[in-house]
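Student: Handing you a structure now.
Readers should treat all values here as calculations from the given coordinates under stated rules, not as data from a laboratory. What you are looking at is a predicted structure, and each value in this text was computed from that prediction instead of being measured. All Cβ positions, glycine included, derive from the backbone under ideal geometry; neighbour counts span all protein chains shown.
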Amino acid sequence: YSQCNDNAPLNVIPFFGGMTNAMKMVMLGALMSFEKNRCFYVDDEHSHLNRGLGANTTFVQKYLERPIGLPRHSPYVEKAFVENRVEVRHWSEYWENRYWRRQFNKQYHIPNIFPNKNL
């Protein structure tokens with residue numbers, strides 16, 4: 001997650017909606033971030049799915065085996081916030097744009113994920 005352009009904006013992906021919808025938007029946001037060579041962080045602090053989990057515990061922390069994106073306390077994320085180099089991505093960016101939505105039955109090539117694959 002940390003192999004990205006140090007000067008590019010940090011993508012902040014809100015964990016919004018029900019579980020399946022929120023996970024879909026996180027996955028689409030992660031793909032967009034990899035394609036644009038940006039680091040990203042999933043902001044699930046205000047998710048309604050956190051209710052009843054206790055203080056300092058979020059849905060993503062509790063139910064996913066490995067975190068998605070960089071943690072909020074990572075030096076890269078902290079520096080991006082201090083430098084105001086942050087872009088909060090709205091879910092409609094992925095949903096309304098067919099390219100970012102990743103249409104069914106279409107191949108996409110993201111060199112940052114598969115650098116040696118020729119598609």
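Student: Percent of alpha carbon pairs in segment 1-86 separated by more than 15 Å? Don't skip to the end; give the middle numbers.
Tutor: On the way: 2065 of 3655 pairs.
Here the tail beyond 15 Å accounts for 56 percent of pairs.
Student: To the nearest 20 debye, what charge dipole does segment 1-58 have about its Cα centre, counting +1 at the Cβ of each Lys and Arg and -1 at the Cβ of each Asp and Glu? Each step should come with its number before you reach the end.
Tutor: Working: 4 positive and 5 negative charges, 29 e Å.
With only Lys, Arg, Asp and Glu charged at Cβ, the dipole is about 140 debye.
Student: Let me ask something additional. Can you give the net charge of the other residues whose Cβ lies under 15 Å from the Cβ of Cys39, counting K and R as +1 and D and E as -1? Spell out each step's value before the answer.
Tutor: Working: positive: Lys36, Arg38, Arg72, Lys79, Arg85, Arg89; negative: Asp6, Glu35, Asp43, Glu78, Glu83, Glu87.
Net local charge, Cys39 excluded: 0.
Student: May I ask you to compute the full-extension gain from Lys36 to Lys62, defined as 0.36 nm times their residue separation minus their alpha-carbon distance, rounded to one decimal in nm? Don't jump to the answer; show the numbers that get you there.
Tutor: Working: separation 26, 0.36 × 26 = 9.36 nm, distance 2.87 nm.
Between Lys36 and Lys62, full extension yields an extra 6.5 nm.
Student: Peptides 71-83, 41-53, 20-32: what's the order by average Cβ count within 10 Å, highest mean first? All intermediate terms of the calculation are to be shown ahead of the outcome.
Tutor: Working: 71-83: 13.8, 41-53: 15.5, 20-32: 18.2.
My ranking of the peptides, most packed first, is 20-32, 41-53, 71-83.
Student: Around Phe15, under 14 Å between beta carbons, what's the net of Lys plus Arg minus Asp minus Glu among the other residues?
Tutor: For residues surrounding Phe15, the net value is +2.
Student: Could you give me the ³J(HN,Hα) list for segment 37-46, computed from phi with Karplus coefficients 6.51, -1.76, 1.60 and θ = phi - 60°, whole Hz, x at Gly and Pro?
Tutor: Residue by residue, segment 37-46 yields 6, 10, 7, 9, 9, 8, 9, 10, 4, 9 Hz.
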